[in-house]
Number of protein chains: 2
Amino acid sequence: MKNRIIDTAEKRFSQYGFKRVTMDDIASDLGISKKTLYKHFKSKEDIAWAVKERMHRDIDKLLQRAKREIPDPILRFKKIIAEVTSRVSIIGSAFMTDIKKEIPDLWRQCEEFREREIYEYIGGILEEGVKKGKIRKDIDTKIAVMAYLGAIRMIIQPEILMKNQFSIEDAFNNILKIFLEGIQK
Amino acid sequence: MKNRIIDTAEKRFSQYGFKRVTMDDIASDLGISKKTLYKHFKSKEDIAWAVKERMHRDIDKLLQRAKREIPDPILRFKKIIAEVTSRVSIIGSAFMTDIKKEIPDLWRQCEEFREREIYEYIGGILEEGVKKGKIRKDIDTKIAVMAYLGAIRMIIQPEILMKNQFSIEDAFNNILKIFLEGIQK
DNA sequence: AACTAAAAAAACTGATTTAGTTTCCTTAGA
DNA sequence: TCTAAGGAAACTAAATCAGTTTTTTTAGTT
């Protein structure tokens, strides 16, 4: 149940931010009562922390495994991007601007994680690719990574997905295609 | 003064959404009092409408002019993208999810505008490019446009710009480069 | 220096929102 | 029939904030 609560909160927080999601929203999404919700988490802030912790743990695991198992930077990028991007919808979302004011400690940890695990790690892959001559020299890898994440973020909005005929897989594939063509030498 | 108020509101609304920006915020951003603010606009909702109207008017003008003056689709895309993207920060932002609930009429008009003026217009350019053999057939133009706007949106966040060493021009150029390489045949 | 008008600063109001709690009711299993 | 878990809904206390009113400051004018 704890995990189902975190699932729901993660989705809601990504789309609407921290403040605009109420405990009633989360409870009614799950079809449970607030009473039960408060049995599992002692406060709304607690849920936010749990969301952050699970997400960061998952992403960490993924990145470590990819590092071990996939030597080619382009292939590694492809693999990570496909799996990580569906989990980073919170990056640069209303959630971040909310918790900056609401739960500064949590905000700081999220920022550090983004900096270290996302930009540095993925940026590192791209730079490795540049060195190996597989990626163009004339692009800034940090900008590239952010641009890519921004593109994905725009697409995976429920709002956007709903009113368009394409599937999320189509969207991912298209963006990856454009992006890889754009950065490869 | 009215225009300065709209400037400020546009920026704030794009970053934080409609609800989380208070009239006090806007006033203090401008160094004026709420009294003066209410002299120019009778309500917060009024300001939101004014923001929408000016933005849509500006974008409309730009698109019409580009249509008349630039026949080549890739060049036209380049030109529009450069000028329009700094003004569409509201698309897909917290502002949209806010006003969907808060001012449904305004939301509907924004959605229609986005659909018609942004996706159809820019999507149209890309399809023209496909027909003329300048753009790859195997990408979905609608996804491409959204991906591009998402990339720009991510980059132009004040938060992000501030903590990185690159300028907004650098970012625009990099993204455009990646994107054009990615879509061109 | 005295007067005036505009607007800044700040206090106020009334309505709304919402986290967290409590109470009461339903259901299902023992 | 008893019990306990949890749903539904009411409640509380605090916070927020749009919009208004009052007071103070400022700057220009006579």
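The values are calculated or read from the model by the stated rules, or taken from the named source; none is laboratory data. Since we're looking at a predicted model, the values are computed, not measured. Neighbour counts run over all protein chains shown; Cβ positions are idealised from the backbone, glycine included. Each accessible area value is taken on the protein alone, full model and side chains, heavy atoms only, with ligands, DNA and RNA left out. Shrake-Rupley method; radii C 1.70, N 1.55, O 1.52, S 1.80 Å.
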Within region A:86-102, identify whether any single residue is open to solvent by 40 Å² or more (accessible area, probe 1.4 Å), of a type outside the set (V, I, T) and at pLDDT below 80, and answer yes or no. yes
Hey, among the residues in region A:126-152 that are among the β-branched types (V, I, T) and over 23 Å from A:F95 (Cα atoms), which one's farthest from the other protein chains (Cβ to nearest Cβ)? A:V130
Considering region A:1-14 alone, what residues qualify as being assigned to a helix (DSSP H, G or I), hydrophobic (A, V, I, L, M, F, W, C) and within 15 Å of DNA strand D (Cβ to nearest atom)? A:I5
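Which of the residues that make up region B:40-63 are open to solvent by less than 60 Å² (accessible area, probe 1.4 Å) and within 14 Å of DNA strand C (Cβ to nearest atom)? Show your work before the answer.
As a first pass, look at region B:40-63 and keep what is open to solvent by less than 60 Å² (accessible area, probe 1.4 Å): B:41, B:43-44, B:46-52, B:54-56, B:58-60, B:62-63.
Once the filter is applied, which keeps residues that are open to solvent by less than 60 Å² (accessible area, probe 1.4 Å) and within 14 Å of DNA strand C (Cβ to nearest atom), region B:40-63 yields B:F41, B:S43, B:K44.
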Here the qualifying pairs (Cβ atoms under 8 Å; residues six or more apart or on different chains; first in region A:26-47 and touching a residue at least 40 places away in the same chain (Cβ under 8 Å); second assigned to a helix (DSSP H, G or I) and near DNA strand C (Cβ under 6 Å from one of its atoms)) come out as none
Criterion first (farther than 30 Å from B:K185 by Cα, away from DNA strand C (no atom under 13 Å from the Cβ) and within 14 Å of another protein chain (Cβ to nearest Cβ)) does B:V21 satisfy it? yes
Here are some residues: A:V88, A:V51. Which one is of a type in the set (V, I, T) and farther than 30 Å from A:G182 by Cα? A:V51
Of all residues being facing another protein chain (nearest Cβ under 7 Å) and in contact (Cβ under 8 Å) with a residue 60 or more places away in the chain in region A:153-165, which is surrounded by the most Cβ atoms within 10 Å (Cβ to Cβ)? Just the residue, please. A:R153
Tally, over region B:15-39, of residues that are over 20 Å from A:S93 (Cα atoms) and either surrounded by 16 or more Cβ atoms within 10 Å (Cβ to Cβ) or near DNA strand D (Cβ under 8 Å from one of its atoms) (or both): 13
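Anything in region A:131-147 that is in a helix (DSSP H, G or I) and surrounded by fewer than 18 Cβ atoms within 10 Å (Cβ to Cβ)? List them, or say none. I'd like the intermediate steps shown before the answer.
First pass over region A:131-147, keeping only residues in a helix (DSSP H, G or I): A:131, A:141-147.
Selection gives A:K131 alone.
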Return only the number of the condition from (1) assigned to a helix (DSSP H, G or I); (2) within 28 Å of B:V21 (Cα to Cα); (3) within 13 Å of another protein chain (Cβ to nearest Cβ) that B:S89 does not satisfy. (1)
The residue that is nearest to the other protein chains (Cβ to nearest Cβ), considering only those in region A:166-185 that are touching a residue at least 60 places away in the same chain (Cβ under 8 Å), part of a helix (DSSP H, G or I) and within 13 Å of A:F77 (Cβ to Cβ), is A:L180
Of the residues in region A:19-72, those that are of a type in the set (F, W, Y) and part of a helix (DSSP H, G or I) number 2
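It is to be established whether one or more residues within region A:47-55 are among the aromatic types (F, W, Y) and more than 11 Å from DNA strand D (Cβ to nearest atom). Working first, answer last.
Within region A:47-55, the subset among the aromatic types (F, W, Y) is A:49.
Remaining after also requiring more than 11 Å from DNA strand D (Cβ to nearest atom): A:49.
Yes, some residue in region A:47-55 is among the aromatic types (F, W, Y) and more than 11 Å from DNA strand D (Cβ to nearest atom).
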Set A:F172, A:F179: member being closer than 11 Å to B:I143 by Cβ and open to solvent by less than 50 Å² (accessible area, probe 1.4 Å): A:F172
